[in-house]
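S.K.: Below is a structure I'd like to ask you about.
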Amino acid sequence: MAHIKVAIADDHKIFRSGVINTLVPYDNIRFVFEADDGLHLLQHMEQQQPDVILMDLKMPNMDGIEATIKVKEKYPDVKVIILTMYEDDNFIVHLVENGANAYLLKNADPEEIYEAICTTYEKGFYFNENVNLALLKKVLHKNKQQFKPTLKNEVQLNDREQEVLKLICQELTTQEISEQIFLSPRTVEGIRQKLLEKLNVKNSVGLVLYAFRNGLIE
């Protein structure tokens, strides 16, 4: 079984150790390094790139917001899971729009942290049913009038692109989408890449945000 390489960035060593210890039973996860701030994290990543990063927000020298942006700019394939005490709508939306693949609170159960690691690694993003998705939908629907829909203006998506976009929002993998709409995985991945280019977003999270804002999913 291939290991998912995980790093954790948090300025509290006790918390880092606690998270690592609670995930010891999951033998498909391997922690490759710890960092006590964003700057330390980036220095480590010059030597070794993890698959997934557990990222605190409030840290000295370089906080998790800045570190997330820099990680996604330099290492776009690395998944970032925010793990924080800040249960604030603005933080969630801002981090997700800047490439974070999931947003968890520090009181999350070890099982949920494990699920988030595996899901972001396999599918590109993870939305917590009780926190992330509820808050994200609330904020986006509340502010929906602030955003001008672009389907009929700047961006035109054909029926197939809209269909694939909706299935991505259901957290289906490329293989699952290909089986459902009877296209090859390569064709589905091509449509996904075309969506990223058309909508000018970085990853599947950006696609989901676009779909929310334009009423393609409820």
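S.K.: When the range 27-51 is examined, which residues are found to be over 21 Å from the mean Cα position of the chain (by Cα) and farther than 16 Å from D63 by Cα?
M.R.: Listed by number, the residues that qualify are D27, E46, Q47.
S.K.: Report yes if N132 is at pLDDT below 85 and open to solvent by less than 10 Å² (accessible area, probe 1.4 Å), otherwise no.
M.R.: yes
S.K.: Could I ask something else about it? Which condition number does C118 fail, the rest of (1) under 25 Å from A2 (Cα atoms); (2) open to solvent by less than 40 Å² (accessible area, probe 1.4 Å); (3) not in a helix (DSSP H, G or I); (4) not polar (S, T, N, Q) being met?
M.R.: Against the list (1) under 25 Å from A2 (Cα atoms); (2) open to solvent by less than 40 Å² (accessible area, probe 1.4 Å); (3) not in a helix (DSSP H, G or I); (4) not polar (S, T, N, Q), C118 comes up short only on (3).
S.K.: Kindly list the number of the only condition in (1) open to solvent by 60 Å² or more (accessible area, probe 1.4 Å); (2) part of a loop (DSSP other than H, G, I, E, B); (3) within 16 Å of M85 (Cβ to Cβ) that fails for M59.
M.R.: (1)
S.K.: Among the residues of the range 94-110, write down those that are touching a residue at least 40 places away in the same chain (Cβ under 8 Å) and within 15 Å of N203 (Cβ to Cβ).
M.R.: Passing the criteria: V96, E97, G99, A100, N101.
S.K.: Which numbered condition trips up D77, out of (1) within 16 Å of the chain's Cα centre (by Cα); (2) within 17 Å of G124 (Cα to Cα); (3) buried (at least 19 other Cβ atoms within 10 Å of the Cβ)?
M.R.: Single failed check for D77: (3).
S.K.: Looking at the range 175-197 only, could you name the residues that are within 20 Å of the chain's Cα centre (by Cα), open to solvent by 60 Å² or more (accessible area, probe 1.4 Å) and charged (D, E, K, R)?
M.R.: E176, E189, K194, E197
S.K.: In the range 84-102, how many are over 12 Å from the mean Cα position of the chain (by Cα) and either at pLDDT 95 or above or among the aliphatic types (A, V, I, L, M) (or both)?
M.R.: 1
S.K.: Kindly indicate the residue of the range 156-174 that is charged (D, E, K, R) and open to solvent by 20 Å² or more (accessible area, probe 1.4 Å) and also modelled with the lowest pLDDT among those meeting that condition.
M.R.: E171
S.K.: Given the criteria more than 14 Å from I81 (Cβ to Cβ), open to solvent by 50 Å² or more (accessible area, probe 1.4 Å) and in contact with a strand residue (DSSP E or B) (Cβ under 8 Å, 6 or more places away or on another chain), does H44 qualify?
M.R.: yes
The values are calculated or read from the model by the stated rules, or taken from the named source; none is laboratory data. Quick caveat: nothing in here was measured; it's all calculated off a predicted structure. We place every Cβ from the backbone using ideal geometry, glycine too, and count neighbours over all the protein chains shown. When the accessible area is computed, the model is the full protein with side chains, heavy atoms only, and any ligands, DNA or RNA have been set aside. Shrake-Rupley method; radii C 1.70, N 1.55, O 1.52, S 1.80 Å.
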